[in-house]
Amino acid sequence: MSETAARDLTIQGITGSPGIAIGKAYLLEQGRIDILDKRFVQPEQICAETNRFKEAVKKAREQLHQVIEEVPDEYRDHIYILDTHMMLLKDRMIYDGTIEQIEQENVNAEWALKVTVDKVKAMFKKMPDPYFRERASDIGHVSKLIMENLLGTGHSKIADIDKRIIIVAHDLSPAETTQIQLEKVKAFVTDLGGQTSHTGIIARSLEIPAVLGLGNVSQQIRTGDLIIVDGTAGVVIVDPGEATLTRYHERKDLFEDFQAKVTRISHLPAETTDGYRLTVAANIELVEEVVSVIDHGGDGIGLYRTEFLYLNRPTLPSEQDLFDNYRDLAELMGTRQVTIRTLDIGGDKFASGIHLAEEMNPALGLRAIRFCLQSPEIFKTQLRAILRAANLANIRIMFPMISQVEEVIQAKRLLNEAAESLHKEGVPFKADIEVGAMIEVPSAVFMADILANEVDFFSIGTNDLIQYSLAIDRVNKHVASLYQPLHPAVLRMIHRAVGAAKEAGIKVSLCGEMAGDTVNIPVLLGFELDAISMNPISIPAVKHIVRALSFNESKIFLQEALKQATASDVLNLIQEAYGKSFDAAIFFRSR
Ligand code: PEP
Ligand code: MG
């Protein structure tokens, strides 16, 4: 290789937000504070040291307050993240923990803060669920602010960027993200983070491509390097060669034209060439995402992951907090249907207001409906809030991780008790709310005929169904390649669950993320589902594909797919049958 040859270095990360960007890198110097001295402080100096720490926290609060005041309009929806950081600045584990360290160990404030934060971060990082692991980075962002004040070091000059660039950073705090002027950023690339990190959430709602979790990318890229960010495939290419560059320019144009074309018509129904109408709804975690759902033509909310309201707060939300949130969501969605999933917490998901024991196999532990049935008061508070909100809007309710029929029966009993208590108090509520069960455990698939007698609808959660049926931990990157949505075993399970629903005459939808991957649509359509739901950005492309397919043909095609031996056989079959007839853009996600 000659000295001037392009590096053409491809680095695989995690999709933060889809889309392609090509441009110059801007490395955010964040003055990582990894090396700190431990100093012992004389007993008579302890008070001065704790005051120094308190001053640094006070200053951090003022700085953050200023950032919040100056947040540009397009980021207003994300202020809650900064509010969370404001709360973390007062968090007892960090604030009191650091003061205790100073007083008990006689050490300097910087060291005490570092030890305390390391401990708290380690606690979060041990949690298998990526959402909770990534909360460790919130603690990192907040402690960095305090640390910079203690050390008197400066902040990143993010607001000074004046060219259109791709931001490369070790990590990007929400405070930093909101200081960037959106029109100057083509993409985000970070060492840390994952799909559920705040950078990912913000990037997706602003539709800026992002690749996260790239390891040490910030050490491999220099400011001014030409880079390609393929947010759809989760790949970054540093210093691309001519051929790569040409290929990606074409791909970018194709993707953008395609996305623009399908978004323009995304309000149209997803109706096949032979008249079968599929509801295409969204999965959301936050009410703030509703704007994106509507902009992308979502026919409703197929899955509202309500656990996010229980996070980032020291106490549980009250019934009124929950009611206000559900009502706001449903009002924004108008007449469109909203499916509220009850709390899917415990096991691999954690909230500070709920105390759970550590478990050997959290995915198989006290999670979701199991936790709720063991904590009826927490559960009933949520059920009352849902019943009240359902009186004002088109809301239905579903229970997660059902593995046996008794769980549905018990959950419905508690729902009745919640309704009775509201009735006694004279509080208006919807008595005949539709009740559903998520089908995401193999036992639920095999007992689906019995379960169907107890509920009004099924929602097949393939994210977990794949995990539990193929025995692949969905958050373990070492077995990620074995996590195959098109595995014939998964398809046969979906087929069986849908069959049981049809037999019983109840509605059935699918809310796993596989529904957002366009390449899966020809197979999914053949199941005769009533609805599918996915992340909002994927909706326009999925609706477009549905409109180009024939329902009757896809039913026949599904029979072929079900006979295949492996996931790659199924994928080949799809590509042979449909690859040529669609825009190349439809198979972007899976390449
Ligand atoms: C699923 O398991 O498919 C699902 C939609 O729920 P979650 O991803 O929240 O577990
Ligand atoms: Mg699930």
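The values are calculated or read from the model by the stated rules, or taken from the named source; none is laboratory data. Here the structure is a predicted model, which means the values were calculated and not measured. Heads up, the Cβs are rebuilt from the backbone with ideal geometry, glycines too, and the neighbour counts pull from every protein chain shown. When the accessible area is computed, the model is the full protein with side chains, heavy atoms only, and any ligands, DNA or RNA have been set aside. Shrake-Rupley method; radii C 1.70, N 1.55, O 1.52, S 1.80 Å.
Numbers for the structure displayed
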read-out	value
Failed criterion for E425 (all others in (1) within 16 Å of ligand 1 (Cβ to nearest atom); (2) surrounded by fewer than 17 Cβ atoms within 10 Å (Cβ to Cβ); (3) more than 15 Å from I369 (Cβ to Cβ) hold)	(1)
Residue in segment 477-485 that is within 13 Å of ligand 1 (Cβ to nearest atom) and farther than 21 Å from I539 by Cα present	yes
Residue within segment 260-280 that is open to solvent by 10 Å² or more (accessible area, probe 1.4 Å), more than 26 Å from the chain's Cα centre (by Cα) and farther than 25 Å from S533 by Cβ present	no
Residue in segment 71-87 that is at pLDDT 80 or above and surrounded by fewer than 21 Cβ atoms within 10 Å (Cβ to Cβ) present	no
Whichever residue in segment 394-406 is in contact (Cβ under 8 Å) with a residue 40 or more places away in the chain and over 15 Å from G302 (Cα atoms) and, among such residues, is farthest from ligand 1 (Cβ to nearest atom)	V405
Counted residues, segment 490-522 - those being away from ligand 2 (no atom under 16 Å from the Cβ), assigned to a helix (DSSP H, G or I) and open to solvent by less than 40 Å² (accessible area, probe 1.4 Å)	10
Which listed residue is of a type in the set (S, T, Y) and either within 15 Å of ligand 1 (Cβ to nearest atom) or open to solvent by less than 10 Å² (accessible area, probe 1.4 Å) (or both), from T335, T342	T342
Residue in segment 301-309 that is surrounded by 19 or more Cβ atoms within 10 Å (Cβ to Cβ), part of a helix (DSSP H, G or I) and either acidic (D, E) or not assigned by TED's automatic domain parsing to the domain that holds S554 (or both) present	yes
Cβ-Cβ under 8 Å pairs, at least 6 apart or on other chains, segment 438-467 side free of Cβ contacts under 8 Å to residues at least 24 places away in the same chain, far side among the β-branched types (V, I, T) and near ligand 1 (Cβ under 8 Å from one of its atoms)	none
Only listed residue being in contact with a helix residue (DSSP H, G or I) (Cβ under 9 Å, 6 or more places away or on another chain) and at pLDDT 90 or above, chosen from R388, R313	R388
